[in-house]
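Dropping a structure here in structure tokens format, bear with me for questions.
We did not get these values from a lab; they are worked out from the coordinates using the rules stated. Remember, predicted model here, so these are calculated numbers, not experimental data. Note: ideal-geometry Cβ built from the backbone for every residue, glycine included; neighbour counts use all protein chains shown.
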Amino acid sequence: MKKDIKTREDIELLVISFYDKVKADDTIGYIFNDVAKVNWEKHLPVMFDFWENILFFTGGYAGNPMMIHQHLNKMFPLTKEHFKRWEALFLQTVDELFEGDKAELAKQRALSISTVMQIKIVGG
Ligand code: HEM
């Protein structure tokens, strides 16, 4: 049986595994690798803080993801298909590694934030 997401180390494993899939993905990988040219050493710790705050209310993340994706969308228009793929990879990564209440919460929050992002950016 898989365990639930319980520690910062669990979140690091989830986030690193997710972005390993993202980087290698045919549908959205190039947006991270070639369009945004993401500096992973900087981005990964931000994402650890973001998810730790969502799941454990640590208060360690104070960024503005909506603004960042709006900016990204101006450089490179994001589509429903991009978001669908992002969601599928995230859900798949959670399910491969964890199960339990926090694992369910992570999936729910990913989907709800993605929905809001799409309404604000792609237009519904
Ligand atoms: C098509 C879907 C998406 C694409 C292509 C995308 C791409 C990106 C890129 C390129 C960055 C900037 C990384 C950097 O250079 O620092 C970023 C940041 C981020 N993304 Fe996404 N993203 C997507 C969806 C989402 C969703 C659904 C979430 C919600 C869970 C999310 C959460 C974040 C957060 C929290 C940051 C960091 C913002 C900060 O620096 O404070 N992204 N994303």
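Give, as a single signed number, the net charge of other residues whose beta carbon lies under 13 Å from the beta carbon of residue 114, with Lys and Arg counted +1 and Asp and Glu -1.
Numbers: positive: 80, 84, 85, 107, 109, 120; negative: 81, 87.
Neighbour charge sum, excluding residue 114 itself: +4.
Next up: Counting other beta carbons within 10 Å of each residue's own, what order do 51, 86 fall into, fewest first?
On the way: 51 24, 86 20.
Neighbour counts put them in this order, fewest first: 86, 51.
Additional query: Go from 0 up to the bin containing the longest alpha carbon distance in region 23-66, width 5 Å each, and give me the % of pairs per bin.
Using 5 Å bins, I get a P(r) of 6, 20, 21, 21, 17, 12, 3 for region 23-66.
Please list, or write none, the lysines whose alpha carbon is within less than 27 Å of the alpha carbon of residue 37, excluding same-chain residues fewer than 8 places away.
21, 23, 74, 80, 84, 107, 120
While we're on this one: Of 105, 22, 63, which is farthest on the positive side of the dipole of the chain, counting Cα position, with +1 on Lys and Arg Cβ, -1 on Asp and Glu Cβ, and the Cα centre as origin?
It is 63, whose Cα lies furthest towards the positive end.
What is the diffusion coefficient of region 41-111 in µm²/s, taking the Kirkwood radius over Cα pairs and the Stokes-Einstein relation at 4 °C with a viscosity of 1.567 mPa s?
On the way: Rh = 13.6 Å.
Translational D for this selection: 96 µm²/s.
Order by neighbour count: 27, 93, fewest other Cβ atoms within 10 Å first, most last. Please list the in-between numbers first.
Values: 27 15, 93 23.
Fewest to most other Cβ atoms nearby, the residues stand as 27, 93.
Under a Cβ-Cβ cut-off of 14 Å, what is the net charge of the residues other than residue 5 that fall near it, where Lys and Arg count +1 and Asp and Glu count -1?
On the way: positive: 2, 3, 6, 8, 102, 107, 109; negative: 4, 9, 10, 12, 52, 95, 96, 99, 101, 104.
Neighbour charge sum, excluding residue 5 itself: -3.
Would you work out the relative contact order for the chain, in percent, from Cα pairs under 8 angstrom that are 6 or more residues apart?
On the way: 97 pairs, mean separation 46.9, N = 124.
Reported relative contact order: 38 percent.
About the Cα centre, and with charges only on the beta carbon of Lys, Arg (+1) and Asp, Glu (-1), how big is the dipole of region 8-121? Nearest 20 debye, please. Present the calculation step by step, with values, prior to reporting the outcome.
Working: 13 positive and 17 negative charges, 129 e Å.
That gives a dipole near 620 debye.
Separate question: Taking one equal scatterer on every alpha-carbon of the chain, how large is log10 of I(q)/I(0) by Debye at q = 0.14, 0.19, 0.22, 0.23 1/Å?
Here log10 of I(q) over I(0) equals -0.60, -1.16, -1.56, -1.67.
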